[in-house]
There are 2 protein chains.
Amino acid sequence: MNYAPINLKEKLSKFDKYWSPRVIAEMNDYQFKLAKVKGEFVWHDHPDTDEVFIVIDGTLDIEFRDGKVTLESGEMFVIPKGVEHKPAAQNECKIMLVEPKGVVNTGEVESELTAENDVWV
Amino acid sequence: MNYAPINLKEKLSKFDKYWSPRVIAEMNDYQFKLAKVKGEFVWHDHPDTDEVFIVIDGTLDIEFRDGKVTLESGEMFVIPKGVEHKPAAQNECKIMLVEPKGVVNTGEVESELTAENDVWV
């Protein structure tokens, strides 16, 4: 077994592309992913699963059709399955996502922001 | 829907008992729990599930029968299911755990450190 810790900052230093989540760990059939985000994402939902956002560094806005949440470093939020949301960040923000393996970043929406899935860093 | 962020530090300020995880969020049938730990825990395993440790503040050692990992703030580790482990912290350490709902902190081991399950903060 590999007893090396997974260091979030070290993993974040290894890629720059925005809105392009990189897998850093698997727990059962779930994945922990890191992403750097800046600007506005697209409206989408994940019909089959909740999705967790944890802000590592920066400020993340998540818009909903009927509200909004702003997450600072050290804050998290669970998007319930099927709830449309649009993440956005005025400045670069570093986040961790937790969701089942196989979840695509834009849900069922096809976009130029749709990222390749299951890319590890 | 409640659009309030979940602030880890604020949640951690609301309890003091060591080795007594408090649930702060649910994602599908998984829970995110915060814990303060200090001293040595008991050897145990979780035969049916992986378990994620994320260190928020401090230093956590996790011993295995054939090795050890030391996690600092901003580092995480996935304990594979069925692998015996013993967490320990020389000084107070604040951690987040991610695991399926219903997992008991000492696995199938009965101990004075066995905590009540599903306690929210």
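In peptide B:5-12, what is the residue-averaged number of other protein chain Cβ atoms found within 10 Å of each Cβ?
Working: counts 12, 9, 6, 5, 3, 2, 1, 1.
The per-residue average across the peptide is 5.
Phi-derived couplings, Karplus 6.51 cos²θ - 1.76 cosθ + 1.60 at θ = phi - 60°, listed residue by residue for the range B:64-78: 10, 5, 10, x, 7, 10, 10, 10, 9, 3, x, 10, 9, 8, 9 Hz, with x used for Gly and Pro.
What is the Å³ per residue value for the convex hull set by the Cα atoms of chain A?
Working: hull volume 12.3 nm³, N = 121.
Taking the convex hull of the Cα positions in chain A, it is 102 Å³ per residue.
Close amide H contacts of A:ASP50 (hydrogens built in the peptide plane, cut-off under 5 Å, sequence separation of 5 or more or a different chain): A:LYS81, B:ASN28.
Non-local lysine pairs in the range B:15-112, meaning eight or more places apart or on different chains, with alpha-carbon distances under 14 Å, amount to 10.
Using bins of 10 Å that start at zero, the share of Cα-Cα pairs per bin across the protein assembly as shown amounts to 7, 33, 37, 18, 5, 0, in whole %. Classification of the range A:1-46 by its C-alpha gyration tensor yields an oblate form. The axis ratio a/c (a ≥ b ≥ c) is 1.5 or more, and b/c is at least a/b. Coupling constants for the range A:95-112 follow from the phi torsions by the Karplus curve (6.51 cos²θ - 1.76 cosθ + 1.60, θ = phi - 60°), and in residue order they are 10, 10, 10, 10, 6, x, 3, x, 6, 8, 4, 9, x, 9, 7, 8, 8, 5 Hz; glycine and proline get x.
Quick note: the coordinates plus some simple rules give every number you see, no bench work behind them. Since this is a predicted model, take the numbers as computed values, not measurements. Because the Cβ atoms are built from the backbone with ideal geometry, glycine has one as well, and the counts that use them run over all protein chains shown.
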